[in-house]
1. Do you know which residues across the stretch 85-94 are under 16 Å from Q73 (Cβ atoms) and either surrounded by 12 or more Cβ atoms within 10 Å (Cβ to Cβ) or modelled with pLDDT under 90 (or both)?
2. Name the single residue that is farthest from R106 (Cα to Cα) among those in the stretch 22-33 being open to solvent by less than 80 Å² (accessible area, probe 1.4 Å) and hydrophobic (A, V, I, L, M, F, W, C).
3. Restricting to the stretch 106-135, give me the number of residues that are in a strand (DSSP E or B) and in contact with a Pro (Cβ under 9 Å, 6 or more places away or on another chain).
4. Does the stretch 32-71 hold any residues that are in contact (Cβ under 8 Å) with a residue 40 or more places away in the chain and in contact with a Lys or Arg (Cβ under 7 Å, 6 or more places away or on another chain), and which are they?
5. Among the listed residues S52, S19, which satisfies the condition of being surrounded by 15 or more Cβ atoms within 10 Å (Cβ to Cβ), among the polar types (S, T, N, Q) and within 23 Å of G91 (Cβ to Cβ)?
6. Quick one: Q73 ticks every box in (1) open to solvent by less than 60 Å² (accessible area, probe 1.4 Å); (2) at pLDDT below 95; (3) touching a Pro at 6+ places or on another chain (Cβ under 9 Å) except a single one, so which number is it?
7. Could you pull out the residue among R5, R13 that is at pLDDT below 95, within 22 Å of D117 (Cα to Cα) and surrounded by fewer than 13 Cβ atoms within 10 Å (Cβ to Cβ)?
8. Mind listing just one residue for me: the one in the stretch 103-129 that is among the hydrophobic types (A, V, I, L, M, F, W, C) and surrounded by fewer than 16 Cβ atoms within 10 Å (Cβ to Cβ) and, of those, nearest to D69 (Cα to Cα)?
Amino acid sequence: MTIPRFWREIPIRYNLVGSKCPLCGTVFFPPKEICKICRRVSIDQMIPEKLSGRGTILTHTTVHEAPTDFESQVPYHLAIIELDEGPSVLGQITDCMNGDLAIGSRVRSVFRRVSEDGVSGTIHYGYKFVLDHSR
């Protein structure tokens, strides 16, 4: 099996998977080994939780001066998104104009190319968000 195929076949690679405390029901993303509410009693009890990838924009900004390796993407939009399951995540909003973004807008996750390794040609993917017009 090739290395790229191996990475593609890891179940959480192309899904938003967090963890859920079976004791209190709190959902975390990224996954945690211990619930910050239940603490030690949650050790070895956290369960994987596939997240819907849908959420609401809490705040957003547009980046005009990008860090190294992201210069070709400016301007791009970042938002703090509260997922429907509870956790808040920072994510890039794609396929939209700045005027389309608003606090309270609904979004959904998509998987897009993040970068490409010039030496090996390996393409790295990650989650980003788009406006969710289905509601």
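1. Listed by number, the residues that qualify are G91, Q92, I93, T94.
2. Here the residue is C24.
3. So the count comes out to 1.
4. Passing the criteria: G53, R54, T56.
5. Going through S52, S19 in turn, just one is surrounded by 15 or more Cβ atoms within 10 Å (Cβ to Cβ), among the polar types (S, T, N, Q) and within 23 Å of G91 (Cβ to Cβ): S19.
6. Of the numbered conditions (1) open to solvent by less than 60 Å² (accessible area, probe 1.4 Å); (2) at pLDDT below 95; (3) touching a Pro at 6+ places or on another chain (Cβ under 9 Å), the odd one out for Q73 is (3).
7. R5
8. Step by step, filter the stretch 103-129, then rank; the result is V114.
The values are calculated or read from the model by the stated rules, or taken from the named source; none is laboratory data. Everything numeric here is computed off the predicted structure, so don't read it as measured data. Note that we place each Cβ from the backbone using ideal geometry, even for glycine, and neighbour counts take in every protein chain shown. Surface areas here come from the heavy atoms of the whole protein model, side chains and all, with no ligands, DNA or RNA. Shrake-Rupley method; radii C 1.70, N 1.55, O 1.52, S 1.80 Å.
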